[in-house]
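The values are calculated or read from the model by the stated rules, or taken from the named source; none is laboratory data. These numbers come from a predicted model, not from an experiment. We place every Cβ from the backbone using ideal geometry, glycine too, and count neighbours over all the protein chains shown.
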Amino acid sequence: MRTEPAGDQLAAGAASITSGPRRDPLRGAIIMLIGMALFSILNGVVKAQAQHYPVNQIVFFRNAGGVLPLLLILLWSGRLPELRTRHALRHVLLATSMTGGLFFSFTAFHLMPLADVMAIGFTQPILVTVASALLLKERIPPAGWIAVFGGLAGVQLMVQPSGAGFNIGAVAAVFGTFCSATSMLLQRSLASREDPLVITTWYMGLSSLALAPTLAFSWEHPSLPGLAGLVAMGVASGLCQWLTVQALYHASAAAIAPINYTNMLWAIIIGYLWFGDVPTLGVLAGSAIVIASTAVLLHAARNARSGLKPSGARQ
């Protein structure tokens, strides 16, 4: 989970912008590295902002500010008409799950070290795998199920459910990851129909509209510098989304997927330098197990897809 959703998992819609030949995989990897670093910095900004403003207000500015650069990009590229959609209900469901994911994840940022939240967020592919098997009837190879149970063991080690490590922040992080996994499944259903940038613009816009009325009940009046910081956070978030789309245009989703793991390194560095957080041995060991399990899942899925190609070619 970038959490910025981790986030906003545009990889689910990568096929619609990467179906042609890759232009420059190295450039795609570099762009993704920059995007992940910026997303991680934004997560640190969210953690700092949560000390002064309610979470719903932060999520509102994050999405309202983020939708502006996306609309400008669509307008500049002549693609604004692509916002017309016949899948309004899917967009509403996606916006609901993404907003919930941000709310829970930002709450976790406020209550836990960044590295802890990111480590739990890495279980998103594991949850997507389980949901795909149960709801979409996708076949999961034995190695995939071993990775699933290994990842769950890693989560148990990180949150320490029987010890002092368990807290409401860990619960929020798990719920945030669940919402993010749900969003991934919803994005899959939209990916073959609409462009990832259009999907993200829709969800940010709908989320902003839904959250606007809640500000009347929990508004914390920001100073002028504070307001500028909130708006800048949102604009930067939208630009990060655009960077992710650009990375997926130049390189395949499979090629740049491992770059997501740099989130953990950035979370440790930012957490230590900015907030003085030192990850525990349990978090480091658990995150290593989860990352390894996720890598096994990605490898198993890649092998499963490649195993289908020969039969498809003969037909």
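For region 117-217, give me every one of the helices (runs of 4 or more DSSP H) that falls completely inside it and has 2 or more residues that are polar (S, T, N, Q) and touching a residue at least 24 places away in the same chain (Cβ under 8 Å). Give the derivation first.
Details: elements: 124-135, 142-159, 168-191, 196-211.
In region 117-217, the matching helices (runs of 4 or more DSSP H) lie at 124-135, 168-191, 196-211.
If you filter region 1-48 down to residues that are part of a helix (DSSP H, G or I) and of a type in the set (D, E, K, R), you find that the one that is modelled with the highest pLDDT is K47.
Taking the criterion of being buried (at least 19 other Cβ atoms within 10 Å of the Cβ) and either over 16 Å from K47 (Cα atoms) or among the small types (G, A, S) (or both), the residues of region 260-278 that qualify are N260, A267, G271. For region 164-176, check the following and say yes or no: at least one residue is of a type in the set (G, A, S), more than 30 Å from A236 (Cβ to Cβ), modelled with pLDDT under 85 and surrounded by fewer than 21 Cβ atoms within 10 Å (Cβ to Cβ). Yes: region 164-176 contains one or more residues that are of a type in the set (G, A, S), more than 30 Å from A236 (Cβ to Cβ), modelled with pLDDT under 85 and surrounded by fewer than 21 Cβ atoms within 10 Å (Cβ to Cβ). If only residues of region 200-213 that are surrounded by 23 or more Cβ atoms within 10 Å (Cβ to Cβ) and of a type in the set (S, T, Y) are counted, the one that is nearest to L89 (Cα to Cα) is Y203. Counting only helices (runs of 4 or more DSSP H) that fall entirely inside region 247-315 and contain at least 3 residues that are farther than 23 Å from Q156 by Cα and at pLDDT below 70, the qualifying elements are 281-314. Against the condition buried (at least 22 other Cβ atoms within 10 Å of the Cβ) and among the aliphatic types (A, V, I, L, M), how does I291 come out, does it pass? When the stated conditions are applied, I291 does not pass them. Of everything in region 183-199 that's more than 12 Å from V92 (Cα to Cα) and among the hydroxyl-bearing types (S, T, Y), which residue is nearest to the chain's Cα centre (by Cα)? Filtering region 183-199 for residues that are more than 12 Å from V92 (Cα to Cα) and among the hydroxyl-bearing types (S, T, Y), the one nearest to the chain's Cα centre (by Cα) comes out as S189.
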